[in-house]
1. Within segment 1-105, considering only strands (runs of 3 or more DSSP E) that don't extend past its boundaries, which have at least 2 residues that are within 27 Å of V127 (Cβ to Cβ)?
2. Test each condition in (1) within 22 Å of L202 (Cβ to Cβ); (2) of a type outside the set (K, R); (3) in contact with an Asp or Glu (Cβ under 8 Å, 6 or more places away or on another chain) for T348 and report the one that comes out false.
3. Here are some residues: S84, S93. Which one is modelled with pLDDT of 90 or more, assigned by TED's automatic domain parsing to the domain that holds P46 and surrounded by 18 or more Cβ atoms within 10 Å (Cβ to Cβ)?
4. Residue pairs, Cβ under 8 Å, 6 or more apart or interchain, first in segment 127-138 and closer than 23 Å to G152 by Cα, second at pLDDT below 75. List them.
5. For segment 154-184, enumerate the residues that are modelled with pLDDT of 75 or more and farther than 25 Å from V395 by Cα.
6. What's the number of the only condition in (1) more than 30 Å from R29 (Cα to Cα); (2) out of contact with any helix residue (DSSP H, G or I) (no Cβ under 7 Å at 6 or more places or on another chain); (3) charged (D, E, K, R); (4) more than 13 Å from the ligand (Cβ to nearest atom) that R188 fails to meet?
7. Of everything in segment 191-216, what is among the aliphatic types (A, V, I, L, M) and within 16 Å of the ligand (Cβ to nearest atom)? Give them in sequence order.
8. Where residues in segment 230-259 are over 20 Å from P275 (Cβ atoms) and part of a loop (DSSP other than H, G, I, E, B), which of them is nearest to the chain's Cα centre (by Cα)?
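The values are calculated or read from the model by the stated rules, or taken from the named source; none is laboratory data. Worth saying up front: this structure is predicted, and the values here are computed from it rather than measured. Cβ atoms come from the backbone with ideal geometry, glycine included; neighbour counts cover every protein chain shown.
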Amino acid sequence: MAEHPAYPVGLRLSGRRVVVLGGGQVAQRRLPALIAAGADLVLVSPEATPSVEAMADAGEITWERRGYADGDLAGAWYALIATSDPDANRAASAEAERHRVWCVRSDDADAATAWTPATGHSEGVTVAVLTTDARGRDPRHTAAVRDAVVEGLRDGTLVAPHHRTRTPGVALVGGGPGDPDLITVRGRRLLAEADVVIADRLGPRDLLAELPPHVEVIDAAKIPYGRFMAQEAINDALIEHARKGRSVVRLKGGDPYVFGRGMEEVQALAEAGIPCTVVPGISSSISVPGAAGIPVTHRGVAHEFTVVSGHVAPDDARSLVDWRALAALTGTLVILMGVDKIGRIAETLIAHGRSPDTPVALVQEGTTAAQRRVDATLATVAETVTAQDVRPPAVIVVGEVVAVGAGAPPDAARPAPAGSDPQK
Ligand SMILES: C[S@@+](CC[C@H](N)C(=O)[O-])C[C@H]1O[C@@H](n2cnc3c(N)ncnc32)[C@H](O)[C@@H]1O
């Protein structure tokens, strides 16, 4: 039997008699999948583990509390032989052969007529992995192959697009702060299934290089103070591609709803009648300070943190920020898009009572290989930014938490400087 590979097949066991001999660990592991398959399960065993007993108590299996007896496999479609008695296993195996019942044996795979694959599930498919022959059986290897496939499908590193069930539309995906490992599992999967990706400059740009050649990548290029694609043009592109029946991913930096104009895109899509899903992302406002060793809160130091946009100066009529109120707070201030205006922001905070000695950190290109952190105080930050040539994108953290992490080990998970990445 072992000279030929096993023939893989999916058994449809719903309502069909399946006999399990032995109520130990093997049965405990195998029974849930047999129950899920709807099999009419009969367990023959004098004893059972508490979990197996619970399945019997719940009516999921019929438990006959006795040892195996000849004739138990009559009428069965499938059998799992897993008693601790080798003689009983052999006898049951012989009976299965006589009745032509496919049977798995926990003690002797070579003598069995069927093998249980290592299985896993992802998005409506079952992945089942079998070794080619009994002598070469390596259950850890089959389980590892199964894990690699299932994990890859889940996180999108294995690309297996749906073709029949895929619904066209737009997914607004928060890509996280830049490190490609910091996108969500759902975001990565949607990216792997996209026909069109419209990407911001911020976010996990490295992931774009992994997309298959047929995927159209459009650069939304909202570069601060440089060329930018107007929001309306982005909305139009999203609508136009979705209307062609394509799966569109709008890949955004951080979280789509944190200074990301995500809701404007959701509203435009809703008005156009395009289905849209929003996948949250890890916002730079928390993750970038964290990557530089700065916790936005710390017990006994900061009981609040406020995330604020610094893209317009405090004295600008368009500003919606109450800087006076922010100056009165004692907690952490996290400023996004504030590199250009930090001088006037710092002056305003000091003028309204925040100490000039308040620590400030600027974290540029956080979570990427180019990350750097520059420290200052409210009094010195303007000149430090100029002297150190700090540039966007940077997250600015104001508050005593900046000093808390001093001496903490660097973020070991951050990619090492590569120097070869043209995006950086
Ligand atoms: C338009 S806002 C978008 C924020 C994004 N939605 C989020 O949740 O992180 C862009 C600003 O986020 C900050 N930012 C985003 N990614 C960053 C990174 N990797 N390093 C430093 N700052 C970042 C910078 O302040 C940048 O100017």
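1. 17-21, 40-44, 78-81, 102-105
2. The single condition T348 does not satisfy is (1).
3. Numbers: S84 fails: surrounded by 18 or more Cβ atoms within 10 Å (Cβ to Cβ).
Going through S84, S93 in turn, the sole match is S93.
4. These pairs meet every condition: T131/R137.
5. Within segment 154-184, R154, L158, G169, V170, A171 qualify.
6. (2)
7. I198, A199, L202, L207, L208
8. D255
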